[in-house]
Structure formats: structure tokens, C-alpha cells
1. With point charges of +1 on the Cβ of Lys and Arg and -1 on the Cβ of Asp and Glu, referenced to the Cα centre of the protein assembly as shown, which listed residue (B:A126, A:W176, A:V204) lies farthest in the positive direction of the dipole?
2. Is it possible to state the helix-based mean residue ellipticity at 222 nm for the protein assembly as shown, with each DSSP H run of 4+ residues giving -39500 (n - 2.57), the sum divided by total residues, to the nearest 500 deg cm²/dmol? What is it?
3. How about A:K25: which lysines have a C-alpha closer than 25 Å to its C-alpha, ignoring those fewer than 8 places off in the same chain?
4. Of all DSSP beta bridges in the protein assembly as shown, what percent run antiparallel (nearest 5)?
5. Which of the aspartates and glutamates could a cross-linker bridge to A:K74, judged by Cα under 17 Å and excluding same-chain residues fewer than eight apart?
6. Which of the listed residues, A:M185, A:G45, A:N240, is farthest toward the dipole's positive end in chain A, when Lys, Arg count +1 and Asp, Glu count -1 at the beta-carbon?
7. Name the residue from B:T83, B:L49, B:F14 whose Cα lies farthest towards the positive end of the charge dipole of region B:1-117, charges +1 on Cβ of Lys and Arg and -1 on Cβ of Asp and Glu.
8. About the Cα centre, and with charges only on the beta carbon of Lys, Arg (+1) and Asp, Glu (-1), how big is the dipole of region A:4-49? Nearest 20 debye, please.
Amino acid sequence: MNWRIIRAIVRKDLLEVRQNGMAWKPMVILPLIFVVVLPLIVILGPKLFNFPADALTSDPDLQGFLNNMPPAMKAQLDGLDSHQMAIVMLLGFMFAPMLLIIPVMVASVVGTESFVGEKERRTIEPLLYTPATERELFVGKMLAALLPALGLTWLSFLAYTFILNVVGAPVMGRFWFPSLVWLPMMLWVAPAIAFMGMTAAVLVSARTNTFMEAYQTTGMLVLPVILLVIGQATGVIYLNVTGALVIGLVLWLVDAELLWFALRIFSRARLMARV
Amino acid sequence: MTYAIQANNLARQFGSVRAVNDVSLAVEPGEVFGLLGPNGAGKTTLVRLLNGVIEPSSGTARVLGFDPAAQGGDVRRNTGVLTETPALYERLTARANLTFFGTLYGVPEAELPRRVAELLERFGLAERADDRAGGFSKGMKQRLALARTLIHQPKVLFFDEPTAGLDPEAALQVTTLIEDLSRQDGRTVFLCTHNLEEAQRLCDRVAVINQGRLLAVGTAQQLARGLWHGLWVDVTLYADPGAAFIPHLRTIPGVLDVTGDGLTFAVQVQAQADVPQLVAGIVTAGGLIVRVSPREHSLQEIYFRLQQEARS
């Protein structure tokens, strides 16, 4: 494989996404809400808007979460006042799966733009007339989707950690974030989810010819992550290190299967046949 | 002889449609070869087959000695294809477009900026080099696409409808650039078009295609000879030579038919070699010649005659 060609494809695709506000603006707005707005509301809200911190944890769903919580996790809440408890429960446990929306969203948006966008604008034709091999084209486009997805996820996680510890320090009295479960979530599950977004974009691109149509289809990938959030909020599932490792493993196995299909679809002749 | 492009019974089927049907042709190095046909005739499919982008259902091809089906990468390293639409990255600048494709075609990193600058200069885009391609006029976009096909200095160029959708001025600019590429640079050009004037101006030989099948291949004269029996010669005289003149013409060896009378008439002879004998016969019979003009069939006449014959 010629890495000069792969680098050129990645650079070109990222430059194109950067120039397309419709593609990157939603990718930045959502992390800003998850990473900045929601934590600030939970940490500063009770003081700024003068509402009792109990209001944050009095929701029946949260009570369910609290009641069914495994003892090891419950131990982390011992000795905390209601505001501190709200911060740890909401920002430490419940928002963990929410951050996973970022890699799937970014990978599928960039992947869709990269694979289907080229078809829609017919720029794929001159690309296929170059001597670049199918593998080089695939790896280039794959990295173009994965790198910003993981970059933005990890950047968001760092910003989240900073806000929770620095802004939250006066309430919590110490640096407390992240708990151990976040490590497999960010380093094992998030890459698997980003990879899924990318392979889904390739698969969808084989059947669709417009960006919007493909984007609507790949957008459905967010649903499993949302189910995870709901499952956790209602106390049906609790993410611990083992749970995160198992979820990651399942996702990587699904990814391997999807990759196999994607590689079969990504052939010059197949792509050209639909131009 | 090693041909630049060669196809032997090349065919490609899509479902029940035979897009390219037993096409055989050979293009010499440095030749400008035109492939003429209506939309959907199979021209683009043939270009894709010759560049190894799609595989043939049957038959073989060679481009610069490489088999496109098995050595597609080698073929594409040596060919440049101008697609029917410019298909530029419109959000990128002209320079970024050329740099990207130069990298994919393997132009050495140290040489690429100089080559990009030269092409931008040659195609009159140097002043807009750092503007986004999306803001260019159609003619400028087509010139940038032409520059893209030359970034790796290919030996064989494929042009697919290069002037489609351009205004007359932009079309003339593009045609002149293509002419320079073949006449000055000596590259082999495979031109797909349904613009017959453009083909007449640029091509050394043409092939006419319809429904995937080649109807004829040759120079315009060769094709005309195959379609029309004999050669018509228009004659204009200074003074009326009298009633016996026309019957006399019919007795000249090589003359097949005479139409018209008086000062202007047309004579059909068997071949171009019979024209001097015809002129001598007219002079001997007392005809005062003002003008003798052998009729040449335009590519347009040839094309429509071939298409008509194919339909019938």
C-alpha cells in the first residue's frame, strides 16, 4: 500500500468536510451540548438558578437507577450530599454512553460524505481512473472517517474531564473524574462504534446515490447508543469495566462482519456501475 | 506494429443489454482517433473497459501493451481520462485539485508543485490557482479538468465528450487545446464525441458506433468510398458548349453519370484517378473550364448514412 496516496485521500476528504458547514456544524454542536452545556447545568444550575439539587435526582427513573445500583457503584455515592450525588450519578455514570453518540455520528457523517458525496457529485469517476488501488482508496476513506470521529470523541472526553474536575471542584471538594469504566468506554468501545459508523456508511453508499438519503439511513445507528443510555437511566443495565469490555467485544465482532461485506462492495467495477 | 490501443472482439454485457458488442479496433501511437455515436451507444463503456475500470464480458484489449483487465493499474498510470463532466472537487482550489490527482498518479513530491504551476499557466488558470473550483465558469472547469488529465504526462488520452455543454467560445478553446496536445505533444488521443465538426477537425481516423457495435472504421475518405459508389465532380464552364457536349462527356473513360446541363453540371466518375482524364475530355470537347471541384463527403453525411444503414 502506498501511504502517500492514503495520506492524500485523508487530507483531501477532511479538507472537503471542513469546507462543508452542513456536514461539520452538527458534529461540533452536539459534543458542545454533551460536554459543556449539560455538565454546567448540573454543576452550576442549582446555585445559579436557585433550585434544590434534590430536583436533579428526584426523577422516578433516576430513583430506579439508584435503587438497582450494584453495591460497588453505590459505594461511590456514600457520604455525598444531594448535589454531589447528582453530579456523580448524572455526569459520572449516566452520560457515559451519551458520549458514545459522538464517534458514531462523526464517523457516519464523514463516511457518508466521503463515500456517497463522491458519487453524488460524480467526482468518484476521475478518482477511479487513477492508478490508486481499491485497498488504498478504501483505507484512505476509512481513516478520513475514523480519525475525526476518534479525535473529536477523545477531545470531548478531555474537555468533559476538565469541566467536571475544575468547574466541579468547589462542589465536589476534589478531582474525582473519570472512574475506571470510562477507560474501556473511550479506548475500546468508542473506536468500535466509530468503526461501525464508517462501515455502515460504506454499506449504505452501495445502495444510495444521495448524501441526504444515506445520512438518514446511517443516522439510525445512533439508536442502539440511545437504548444504552435509556437502559442505564432506568436501571436495566449498569456499565462497569467488565460490561464495557463485553459490549466492546460484541461491537468489534459485528464490525469485522460489516467490514467483510464493505470490502466486497468496495470494488471499482461496482462503484463505477452506479455512476 | 505495437498499437497504442487495441481491442479484439471486446464485449460488455449489463444484464440483458450488450453495451459493447464485439468491438475490434487498433489505434496507432500519436494518432487522434474519434469514436462517434449517439448517447448510449457504448462510447463511455468502451473507455472504461480500455482503462480497466470495468471488466469485459468477453474479448481482449491492450493499451500500450498492457491488458486492462489484468494490469489496470499499469494502464491507468499511462492514460489520462477526461470524463464527460469535469467532476472537480468544487470546494477545493484549482491548485489543490491538481495536487491531489498528481499525488494519486504518483508524480514525485519534489516535482509536483512545479508541474501543477506549469499546467495552470498553460491552461490560463494561473491567476485563479488558489480560488475554489466551484466558482469557475464551465469553460474554466473544463480546462482545469483537462489539466488534471495531463498531470502525470500520460501517453494516451481519452476524452469523453470534451466540449459537451460548453458555449462556442469555450468549446473552441478546448478543441484547440486538444489539437495542440496531439499535434505538438504527439500524444495518442481517443476522442469520444457526437460533435461531428469537432471530430472532422481533430481526428485522423474515426469509428462509428451504435448500440455497442462498430459500424465502420477509417478515414473520412475511406468511409465515403465504402458508402457511395464513385466520386461526384462539380464542373462550371465559362460559356455554353452546345447540345452535343453532355453526350460527349458520357463517352469519356471512367465517367459513370452526368447530371445538369449548360454552364454548371456534375459528373460521376469511378475514382479520383479518373478526374484528370475528365478534365482533358472537357477541354478537348471545347469546354472552357472555370472550376472543377471533386465533391468530398462531410463526416456528418458519412455519419448519418452509416446510422441510417444500421437502422435499416
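Where a number appears in this text, it was derived from the coordinates with a stated rule and is not lab data. Everything numeric here is computed off the predicted structure, so don't read it as measured data. Please note: Cβ atoms are built from the backbone with ideal geometry, for glycine as well, and neighbour counts cover all protein chains shown.
1. Farthest along the dipole direction, towards plus: A:W176.
2. Details: 27 runs with 295 residues, N = 587.
Mean residue ellipticity, 222 nm, calculated: -15000 deg cm²/dmol.
3. Result set, ordered by chain and number: A:K12, A:K119, A:K141.
4. Details: 36 of 54 bridges.
For the protein assembly as shown, the DSSP antiparallel bridge percentage is about 65.
5. A:D61
6. The Cα lying farthest towards the positive end belongs to A:M185.
7. Comparing the listed Cα positions along the dipole, B:T83 ranks first.
8. Values: 7 positive and 2 negative charges, 50 e Å.
Computed charge dipole of region A:4-49: roughly 240 debye.
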